[in-house]
Amino acid sequence: MVIKWSGYDTYIGPYKYNLPYNNDIIGIEYHHYSKLMFGIVVRLRPGVPSTLNAFCTTDYAKNSSPRYWGFPNYEVNQLKASYYGQTRDAGRQLEQKHSNYSAGYFNYFFGGSRHSLQYGTQKHYKKTYNSVDGFNIVSSHHLIVDNRCNRLYALDSGTLHYSATEIYTVQLPAILVFDLPLNGCQTRNFPVIRRVEIPGYLFNNPVGYNFLSLDQQPKGTCDDVYVYASNAFDNRVLVYDYKKNSFWNVEHTLMKPFIAESYMLFREDYNYQLPLGVVNIALGWPDKNGDRPAFFTPGSSQAQYVFSSKYLKNPKSFSYKHGFKDYITLLGYRGCGSQAYREVFDESTGVMFFAEMQSNKLTCWNTALPISPDTVGVVFESEALQFISGLLIDPTGYLWFHSSQVPIDYLTQIPLDITDVNSRTFRIKVPDAISGTVCDTSSYYGRNLHSIDSEEQL
(Lines give C-alpha, C1' and ligand atoms only; values in the text may rest on other atoms or scores of the structure.)
Protein backbone atom coordinates (compact mmCIF):
# COMPACT_ATOMS: atom_id res chain seq x y z
CA MET A 1 0.00 0.00 0.00
CA VAL A 2 1.43 3.35 -1.00
CA ILE A 3 0.16 6.64 0.39
CA LYS A 4 -0.27 9.43 -2.13
CA TRP A 5 -0.82 13.02 -1.12
CA SER A 6 -2.21 15.77 -3.31
CA GLY A 7 0.36 17.95 -1.70
CA TYR A 8 1.09 21.29 -0.30
CA ASP A 9 4.13 23.37 -1.25
CA THR A 10 4.15 25.46 1.91
CA TYR A 11 6.73 25.25 4.67
CA ILE A 12 6.63 24.51 8.38
CA GLY A 13 9.91 25.46 9.97
CA PRO A 14 12.71 24.68 7.53
CA TYR A 15 10.74 21.75 6.05
CA LYS A 16 8.11 21.44 3.35
CA TYR A 17 4.66 20.67 4.64
CA ASN A 18 4.54 17.58 2.41
CA LEU A 19 7.62 15.36 2.10
CA PRO A 20 6.44 12.10 0.47
CA TYR A 21 9.60 10.20 1.45
CA ASN A 22 8.75 10.80 5.12
CA ASN A 23 5.21 9.42 4.94
CA ASP A 24 4.85 5.81 6.04
CA ILE A 25 1.56 4.14 6.93
CA ILE A 26 2.38 2.55 10.30
CA GLY A 27 -0.97 1.53 11.78
CA ILE A 28 -4.24 0.34 10.24
CA GLU A 29 -7.79 -0.37 11.39
CA TYR A 30 -10.87 -1.50 9.49
CA HIS A 31 -14.56 -0.77 10.04
CA HIS A 32 -16.38 -3.59 8.33
CA TYR A 33 -19.84 -2.04 8.24
CA SER A 34 -18.90 1.22 6.50
CA LYS A 35 -15.96 -0.36 4.60
CA LEU A 36 -13.56 2.31 5.90
CA MET A 37 -9.88 1.46 6.14
CA PHE A 38 -7.90 3.74 8.45
CA GLY A 39 -4.21 4.49 8.22
CA ILE A 40 -1.86 6.25 10.62
CA VAL A 41 1.16 8.28 9.57
CA VAL A 42 2.89 9.09 12.85
CA ARG A 43 4.61 12.47 12.77
CA LEU A 44 8.02 10.96 13.44
CA ARG A 45 9.50 13.18 10.73
CA PRO A 46 8.63 16.49 9.12
CA GLY A 47 6.46 16.77 6.04
CA VAL A 48 3.41 14.75 7.15
CA PRO A 49 0.28 16.62 5.99
CA SER A 50 -2.20 14.38 7.81
CA THR A 51 -1.61 11.90 10.63
CA LEU A 52 -5.03 10.17 10.82
CA ASN A 53 -6.38 9.05 7.46
CA ALA A 54 -8.92 6.83 5.76
CA PHE A 55 -10.15 5.50 2.45
CA CYS A 56 -13.12 3.40 1.35
CA THR A 57 -12.13 -0.12 0.35
CA THR A 58 -15.06 -0.35 -2.05
CA ASP A 59 -13.43 2.35 -4.18
CA TYR A 60 -10.33 0.28 -4.97
CA ALA A 61 -9.42 -3.07 -6.45
CA LYS A 62 -7.08 -5.52 -4.74
CA ASN A 63 -3.35 -4.97 -5.35
CA SER A 64 -3.99 -1.27 -5.90
CA SER A 65 -2.53 1.77 -4.14
CA PRO A 66 -5.41 3.64 -2.48
CA ARG A 67 -5.43 7.39 -1.95
CA TYR A 68 -5.99 8.34 1.69
CA TRP A 69 -7.84 11.44 2.85
CA GLY A 70 -7.51 13.12 6.23
CA PHE A 71 -9.89 11.72 8.85
CA PRO A 72 -12.28 13.12 9.95
CA ASN A 73 -11.02 15.90 7.68
CA TYR A 74 -7.77 17.64 6.79
CA GLU A 75 -8.51 20.68 8.96
CA VAL A 76 -8.39 18.66 12.19
CA ASN A 77 -5.09 17.09 11.10
CA GLN A 78 -3.37 20.40 10.38
CA LEU A 79 -0.93 21.83 12.91
CA LYS A 80 -2.26 24.88 14.72
CA ALA A 81 -0.90 28.32 13.92
CA SER A 82 -0.74 28.94 17.68
CA TYR A 83 2.13 26.44 17.91
CA TYR A 84 4.32 28.96 16.10
CA GLY A 85 5.49 32.50 16.61
CA GLN A 86 3.60 35.40 15.05
CA THR A 87 6.43 37.39 13.46
CA ARG A 88 7.52 36.85 9.92
CA ASP A 89 10.73 35.09 10.92
CA ALA A 90 9.44 33.28 14.00
CA GLY A 91 6.46 31.99 12.08
CA ARG A 92 8.68 29.30 10.61
CA GLN A 93 9.87 27.95 13.97
CA LEU A 94 8.09 26.28 16.84
CA GLU A 95 7.96 28.50 19.89
CA GLN A 96 10.47 27.65 22.62
CA LYS A 97 7.72 26.92 25.14
CA HIS A 98 6.69 23.91 23.06
CA SER A 99 10.14 22.32 23.00
CA ASN A 100 10.61 19.71 25.72
CA TYR A 101 13.40 17.84 24.02
CA SER A 102 16.43 16.80 26.10
CA ALA A 103 19.65 16.30 24.16
CA GLY A 104 20.71 12.67 24.08
CA TYR A 105 17.17 11.32 24.40
CA PHE A 106 17.59 8.79 21.61
CA ASN A 107 20.95 7.70 23.02
CA TYR A 108 18.89 5.69 25.48
CA PHE A 109 18.14 3.20 22.72
CA PHE A 110 21.82 2.69 22.03
CA GLY A 111 23.12 2.30 25.57
CA GLY A 112 23.25 5.93 26.71
CA SER A 113 21.41 7.50 29.62
CA ARG A 114 17.72 8.24 29.31
CA HIS A 115 16.36 11.77 29.28
CA SER A 116 12.60 11.53 29.63
CA LEU A 117 10.12 14.15 28.56
CA GLN A 118 8.76 15.69 31.74
CA TYR A 119 5.23 16.94 32.19
CA GLY A 120 5.28 17.71 35.91
CA THR A 121 2.87 16.38 38.48
CA GLN A 122 -0.25 18.39 37.83
CA LYS A 123 -3.56 17.31 39.31
CA HIS A 124 -6.10 15.21 37.45
CA TYR A 125 -6.71 17.21 34.28
CA LYS A 126 -9.09 16.48 31.47
CA LYS A 127 -10.99 18.16 28.69
CA THR A 128 -13.92 16.85 26.72
CA TYR A 129 -15.06 18.32 23.41
CA ASN A 130 -18.38 17.54 21.71
CA SER A 131 -17.42 18.65 18.21
CA VAL A 132 -14.39 18.89 15.94
CA ASP A 133 -13.99 22.56 16.85
CA GLY A 134 -11.26 23.61 19.25
CA PHE A 135 -8.61 20.92 18.83
CA ASN A 136 -6.24 19.37 16.32
CA ILE A 137 -4.68 15.94 16.05
CA VAL A 138 -0.92 16.38 16.35
CA SER A 139 0.35 12.82 15.85
CA SER A 140 -1.84 9.77 16.02
CA HIS A 141 -0.02 6.66 17.25
CA HIS A 142 -2.74 4.06 17.29
CA LEU A 143 -6.42 3.55 16.80
CA ILE A 144 -8.95 0.76 17.24
CA VAL A 145 -12.43 0.21 15.83
CA ASP A 146 -15.36 -0.79 18.01
CA ASN A 147 -17.42 -2.72 15.46
CA ARG A 148 -20.17 -3.44 17.97
CA CYS A 149 -20.93 0.24 18.60
CA ASN A 150 -19.51 1.68 15.35
CA ARG A 151 -16.92 3.87 17.00
CA LEU A 152 -13.29 4.68 16.35
CA TYR A 153 -10.90 5.21 19.27
CA ALA A 154 -7.66 7.03 18.44
CA LEU A 155 -4.70 8.14 20.55
CA ASP A 156 -2.93 11.41 19.80
CA SER A 157 0.53 11.62 21.41
CA GLY A 158 0.57 15.43 21.13
CA THR A 159 4.23 15.15 20.05
CA LEU A 160 6.02 16.12 16.82
CA HIS A 161 9.26 14.54 15.63
CA TYR A 162 11.04 16.78 13.17
CA SER A 163 14.05 14.48 13.41
CA ALA A 164 15.51 11.98 15.86
CA THR A 165 17.07 14.88 17.76
CA GLU A 166 14.32 17.47 17.35
CA ILE A 167 11.20 16.60 19.34
CA TYR A 168 8.39 18.97 20.30
CA THR A 169 5.57 18.32 22.73
CA VAL A 170 2.86 20.75 21.74
CA GLN A 171 -0.08 19.44 23.77
CA LEU A 172 -1.06 16.72 26.19
CA PRO A 173 -1.78 13.32 24.65
CA ALA A 174 -5.46 12.56 24.23
CA ILE A 175 -7.92 9.77 23.49
CA LEU A 176 -10.43 10.65 20.80
CA VAL A 177 -13.65 8.81 20.02
CA PHE A 178 -15.47 9.22 16.69
CA ASP A 179 -18.86 8.01 15.55
CA LEU A 180 -18.69 5.82 12.42
CA PRO A 181 -21.99 6.07 10.52
CA LEU A 182 -22.68 3.15 8.21
CA ASN A 183 -22.90 5.60 5.29
CA GLY A 184 -19.68 7.36 6.26
CA CYS A 185 -18.06 6.68 2.89
CA GLN A 186 -20.78 8.76 1.27
CA THR A 187 -21.26 11.53 3.83
CA ARG A 188 -17.68 11.94 5.12
CA ASN A 189 -19.27 13.13 8.35
CA PHE A 190 -17.80 11.59 11.51
CA PRO A 191 -18.94 13.31 14.71
CA VAL A 192 -16.56 13.49 17.66
CA ILE A 193 -18.17 11.70 20.59
CA ARG A 194 -15.42 12.49 23.05
CA ARG A 195 -11.93 13.90 23.37
CA VAL A 196 -10.22 13.51 26.74
CA GLU A 197 -6.64 14.51 27.53
CA ILE A 198 -4.43 12.12 29.49
CA PRO A 199 -3.34 13.71 32.78
CA GLY A 200 0.32 14.68 32.70
CA TYR A 201 1.22 12.92 35.93
CA LEU A 202 0.34 9.53 34.41
CA PHE A 203 3.17 9.33 31.87
CA ASN A 204 6.78 10.25 31.21
CA ASN A 205 6.95 9.64 27.47
CA PRO A 206 3.76 9.88 25.38
CA VAL A 207 5.56 8.48 22.33
CA GLY A 208 5.53 5.11 24.12
CA TYR A 209 1.76 4.72 23.75
CA ASN A 210 1.68 2.00 21.13
CA PHE A 211 -1.63 0.17 21.02
CA LEU A 212 -5.16 0.38 22.37
CA SER A 213 -7.38 -2.48 23.54
CA LEU A 214 -11.11 -2.27 24.24
CA ASP A 215 -12.57 -4.27 27.12
CA GLN A 216 -16.32 -4.13 26.52
CA GLN A 217 -18.44 -5.32 29.40
CA PRO A 218 -20.73 -8.10 28.09
CA LYS A 219 -23.94 -6.90 29.76
CA GLY A 220 -23.26 -3.18 29.45
CA THR A 221 -23.98 -0.41 26.99
CA CYS A 222 -21.56 1.11 24.49
CA ASP A 223 -20.25 3.32 27.29
CA ASP A 224 -19.42 0.35 29.54
CA VAL A 225 -15.93 -0.09 28.18
CA TYR A 226 -12.38 0.13 29.50
CA VAL A 227 -9.63 1.36 27.18
CA TYR A 228 -6.15 -0.06 27.77
CA ALA A 229 -3.28 1.97 26.30
CA SER A 230 0.10 0.27 26.66
CA ASN A 231 3.15 2.50 27.03
CA ALA A 232 6.22 0.59 25.86
CA PHE A 233 8.65 3.30 27.06
CA ASP A 234 7.08 3.85 30.49
CA ASN A 235 6.56 0.07 30.90
CA ARG A 236 2.98 0.27 32.08
CA VAL A 237 -0.62 0.19 30.94
CA LEU A 238 -2.89 3.23 31.10
CA VAL A 239 -6.51 2.36 31.91
CA TYR A 240 -9.36 4.66 30.92
CA ASP A 241 -12.81 3.99 32.36
CA TYR A 242 -15.01 5.43 29.63
CA LYS A 243 -18.19 5.50 31.70
CA LYS A 244 -16.60 7.21 34.71
CA ASN A 245 -14.25 9.29 32.56
CA SER A 246 -11.24 8.51 34.76
CA PHE A 247 -7.67 7.26 34.31
CA TRP A 248 -5.13 5.19 36.24
CA ASN A 249 -1.95 3.22 35.55
CA VAL A 250 -1.14 -0.44 36.03
CA GLU A 251 2.55 -1.35 36.16
CA HIS A 252 4.68 -4.30 37.13
CA THR A 253 8.31 -5.31 36.80
CA LEU A 254 7.34 -8.03 34.31
CA MET A 255 6.07 -5.31 31.96
CA LYS A 256 9.62 -4.00 31.56
CA PRO A 257 11.92 -4.95 28.65
CA PHE A 258 14.49 -7.69 28.97
CA ILE A 259 17.58 -5.76 27.90
CA ALA A 260 19.42 -8.82 26.60
CA GLU A 261 16.57 -9.30 24.10
CA SER A 262 16.37 -5.66 23.00
CA TYR A 263 18.91 -6.03 20.19
CA MET A 264 17.08 -6.32 16.87
CA LEU A 265 17.85 -6.99 13.23
CA PHE A 266 15.86 -5.30 10.49
CA ARG A 267 16.00 -6.26 6.80
CA GLU A 268 19.04 -8.47 7.52
CA ASP A 269 21.35 -5.47 7.29
CA TYR A 270 20.31 -3.02 9.99
CA ASN A 271 21.09 -3.67 13.65
CA TYR A 272 19.58 -1.55 16.41
CA GLN A 273 18.73 -1.65 20.09
CA LEU A 274 15.20 -0.78 21.20
CA PRO A 275 14.22 -1.76 24.75
CA LEU A 276 10.43 -1.88 24.60
CA GLY A 277 8.23 -2.73 27.56
CA VAL A 278 4.63 -3.93 27.37
CA VAL A 279 3.44 -3.29 23.82
CA ASN A 280 -0.21 -4.22 23.98
CA ILE A 281 -2.91 -6.14 25.84
CA ALA A 282 -4.66 -8.97 23.97
CA LEU A 283 -7.95 -9.96 25.59
CA GLY A 284 -9.31 -13.51 25.63
CA TRP A 285 -12.78 -14.92 26.26
CA PRO A 286 -14.82 -13.35 29.08
CA ASP A 287 -15.86 -15.40 32.11
CA LYS A 288 -19.27 -15.23 33.81
CA ASN A 289 -18.20 -12.02 35.57
CA GLY A 290 -17.11 -10.34 32.35
CA ASP A 291 -13.40 -10.60 33.22
CA ARG A 292 -10.99 -11.71 30.51
CA PRO A 293 -7.48 -13.15 30.41
CA ALA A 294 -5.18 -10.25 29.56
CA PHE A 295 -2.23 -11.58 27.55
CA PHE A 296 0.87 -9.44 27.16
CA THR A 297 4.52 -9.51 26.26
CA PRO A 298 7.19 -6.81 26.50
CA GLY A 299 8.40 -5.86 23.03
CA SER A 300 11.95 -6.78 24.04
CA SER A 301 11.15 -10.24 25.33
CA GLN A 302 10.28 -13.71 24.10
CA ALA A 303 8.13 -14.43 27.18
CA GLN A 304 4.34 -14.61 27.22
CA TYR A 305 2.36 -13.58 30.30
CA VAL A 306 -1.29 -13.49 31.35
CA PHE A 307 -3.40 -12.13 34.20
CA SER A 308 -7.08 -11.33 34.70
CA SER A 309 -8.50 -8.07 33.39
CA LYS A 310 -10.20 -7.59 36.76
CA TYR A 311 -6.84 -6.27 38.00
CA LEU A 312 -6.85 -3.69 35.21
CA LYS A 313 -10.40 -2.59 35.92
CA ASN A 314 -9.79 -2.05 39.64
CA PRO A 315 -7.59 1.04 40.23
CA LYS A 316 -6.51 -0.31 43.63
CA SER A 317 -5.54 -3.80 42.55
CA PHE A 318 -2.24 -2.99 40.84
CA SER A 319 -0.52 -2.11 44.10
CA TYR A 320 1.86 -4.80 45.35
CA LYS A 321 0.24 -4.75 48.76
CA HIS A 322 -3.03 -5.81 47.15
CA GLY A 323 -1.40 -8.92 45.71
CA PHE A 324 -1.31 -8.03 42.00
CA LYS A 325 2.20 -9.46 41.78
CA ASP A 326 0.84 -12.90 42.65
CA TYR A 327 -1.61 -13.03 39.75
CA ILE A 328 0.64 -12.63 36.72
CA THR A 329 1.43 -16.01 35.18
CA LEU A 330 4.40 -16.75 32.97
CA LEU A 331 2.95 -18.98 30.25
CA GLY A 332 6.24 -19.78 28.54
CA TYR A 333 8.57 -18.61 25.78
CA ARG A 334 7.92 -18.36 22.06
CA GLY A 335 11.48 -19.02 20.94
CA CYS A 336 14.66 -17.31 19.80
CA GLY A 337 14.14 -14.09 17.83
CA SER A 338 10.37 -14.08 18.41
CA GLN A 339 10.04 -10.61 19.95
CA ALA A 340 6.54 -9.39 19.04
CA TYR A 341 5.40 -5.85 18.32
CA ARG A 342 1.70 -6.74 18.34
CA GLU A 343 -0.53 -9.69 19.28
CA VAL A 344 -4.26 -10.30 18.85
CA PHE A 345 -6.61 -13.02 20.09
CA ASP A 346 -9.23 -14.62 17.82
CA GLU A 347 -12.37 -15.43 19.80
CA SER A 348 -13.71 -17.85 17.18
CA THR A 349 -10.75 -20.24 17.45
CA GLY A 350 -8.81 -19.33 20.59
CA VAL A 351 -5.70 -18.70 18.52
CA MET A 352 -3.26 -15.86 19.24
CA PHE A 353 -1.42 -14.17 16.37
CA PHE A 354 1.98 -12.47 16.76
CA ALA A 355 3.60 -9.77 14.64
CA GLU A 356 7.28 -10.61 15.04
CA MET A 357 9.69 -7.69 15.10
CA GLN A 358 12.81 -9.02 13.44
CA SER A 359 11.63 -11.72 11.07
CA ASN A 360 9.51 -11.77 7.95
CA LYS A 361 6.92 -13.85 9.78
CA LEU A 362 3.41 -13.69 11.12
CA THR A 363 3.09 -16.45 13.70
CA CYS A 364 0.34 -18.09 15.75
CA TRP A 365 -0.28 -20.04 18.97
CA ASN A 366 -3.28 -22.16 19.92
CA THR A 367 -4.01 -21.04 23.47
CA ALA A 368 -5.40 -24.51 24.27
CA LEU A 369 -1.79 -25.68 24.26
CA PRO A 370 1.21 -24.73 26.40
CA ILE A 371 3.30 -22.10 24.63
CA SER A 372 6.78 -23.08 23.45
CA PRO A 373 8.79 -22.93 20.21
CA ASP A 374 7.13 -26.23 19.23
CA THR A 375 3.59 -24.81 19.55
CA VAL A 376 4.21 -21.53 17.71
CA GLY A 377 3.37 -21.89 14.03
CA VAL A 378 4.16 -19.77 10.97
CA VAL A 379 1.10 -18.27 9.29
CA PHE A 380 2.86 -16.26 6.62
CA GLU A 381 6.50 -15.64 5.75
CA SER A 382 7.64 -13.32 3.00
CA GLU A 383 10.21 -10.68 2.18
CA ALA A 384 7.22 -8.40 1.65
CA LEU A 385 6.74 -8.38 5.44
CA GLN A 386 9.33 -5.76 6.35
CA PHE A 387 7.94 -5.03 9.82
CA ILE A 388 4.39 -5.97 10.86
CA SER A 389 3.12 -2.84 12.58
CA GLY A 390 -0.62 -3.49 12.21
CA LEU A 391 -2.64 -6.58 13.09
CA LEU A 392 -6.41 -7.00 13.56
CA ILE A 393 -9.34 -9.39 13.10
CA ASP A 394 -12.59 -8.03 11.67
CA PRO A 395 -16.16 -9.21 12.46
CA THR A 396 -16.26 -11.50 9.41
CA GLY A 397 -13.20 -13.45 10.54
CA TYR A 398 -10.59 -11.89 8.31
CA LEU A 399 -7.11 -11.48 9.78
CA TRP A 400 -5.54 -8.24 8.53
CA PHE A 401 -1.83 -7.52 8.87
CA HIS A 402 0.18 -4.54 7.71
CA SER A 403 3.87 -4.12 6.93
CA SER A 404 5.80 -0.83 7.17
CA GLN A 405 9.28 0.58 7.83
CA VAL A 406 8.94 1.38 11.55
CA PRO A 407 12.62 0.92 12.61
CA ILE A 408 13.81 3.19 9.81
CA ASP A 409 11.13 5.76 10.65
CA TYR A 410 11.87 5.83 14.37
CA LEU A 411 15.62 5.56 14.61
CA THR A 412 17.17 6.96 11.43
CA GLN A 413 16.91 9.85 9.01
CA ILE A 414 17.10 7.54 5.99
CA PRO A 415 14.45 8.70 3.48
CA LEU A 416 12.00 6.12 2.24
CA ASP A 417 12.38 5.06 -1.38
CA ILE A 418 9.12 6.34 -2.85
CA THR A 419 9.76 4.38 -6.05
CA ASP A 420 9.29 1.22 -3.99
CA VAL A 421 6.29 -0.08 -2.01
CA ASN A 422 6.94 0.81 1.63
CA SER A 423 3.58 -0.17 3.11
CA ARG A 424 1.50 -3.26 2.37
CA THR A 425 -1.72 -4.60 3.83
CA PHE A 426 -2.72 -8.26 3.65
CA ARG A 427 -5.74 -10.26 4.74
CA ILE A 428 -6.70 -13.91 5.07
CA LYS A 429 -9.55 -15.81 6.72
CA VAL A 430 -8.47 -17.04 10.16
CA PRO A 431 -9.25 -20.75 9.49
CA ASP A 432 -7.21 -20.59 6.29
CA ALA A 433 -4.37 -18.82 8.08
CA ILE A 434 -3.96 -21.59 10.67
CA SER A 435 -4.86 -24.57 8.51
CA GLY A 436 -1.98 -27.05 8.36
CA THR A 437 -0.10 -25.35 11.21
CA VAL A 438 0.34 -26.46 14.80
CA CYS A 439 -2.27 -23.81 15.63
CA ASP A 440 -5.03 -25.59 13.68
CA THR A 441 -7.93 -25.81 16.11
CA SER A 442 -9.82 -28.49 14.17
CA SER A 443 -7.91 -31.09 16.17
CA TYR A 444 -9.08 -29.59 19.44
CA TYR A 445 -12.58 -28.30 18.78
CA GLY A 446 -13.83 -30.73 16.14
CA ARG A 447 -14.04 -28.12 13.39
CA ASN A 448 -13.82 -29.16 9.77
CA LEU A 449 -11.40 -26.55 8.51
CA HIS A 450 -10.11 -26.70 4.97
CA SER A 451 -7.27 -24.94 3.23
CA ILE A 452 -7.91 -22.68 0.30
CA ASP A 453 -5.71 -20.07 -1.29
CA SER A 454 -7.36 -17.01 0.19
CA GLU A 455 -4.34 -14.83 0.83
CA GLU A 456 -5.02 -11.39 -0.52
CA GLN A 457 -2.93 -8.26 -0.78
CA LEU A 458 -4.76 -4.96 -0.73
### Of all residues in the range 247-263 being part of a helix (DSSP H, G or I) and of a type in the set (V, I, T), the one that is nearest to G200 (Cα to Cα)
T253
### Task
Please work out which one of (1) modelled with pLDDT under 95; (2) buried (at least 20 other Cβ atoms within 10 Å of the Cβ); (3) of a type in the set (V, I, T) is the condition T329 fails and give its number.
(2)
### Task
Select from the range 345-400 the residues that are over 26 Å from M264 (Cβ atoms), in contact with a Lys or Arg (Cβ under 6 Å, 6 or more places away or on another chain) and either part of a strand (DSSP E or B) or open to solvent by less than 10 Å² (accessible area, probe 1.4 Å) (or both) and list them in ascending order.
Y398
### Query
Could you say whether any residue in the range 188-208 is hydroxyl-bearing (S, T, Y) and open to solvent by less than 30 Å² (accessible area, probe 1.4 Å)?
no
### Task
For residues that are under 15 Å from S213 (Cα atoms) and either hydrophobic (A, V, I, L, M, F, W, C) or modelled with pLDDT of 95 or more (or both), tally how many sit in the range 224-247.
16
### Message
Please verify whether F295 is under 20 Å from S403 (Cβ atoms) and part of a strand (DSSP E or B), treating the condition exactly as stated.
### Response
no
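The values are calculated or read from the model by the stated rules, or taken from the named source; none is laboratory data. Because the structure is a prediction, the values reported are computed rather than measured. So basically every Cβ, Gly included, is an ideal-geometry build from the backbone, and we count neighbours across all protein chains shown. For the accessible areas, the whole protein counts, side chains as well, though only heavy atoms, and no ligand, DNA or RNA atoms are used. Shrake-Rupley method; radii C 1.70, N 1.55, O 1.52, S 1.80 Å.
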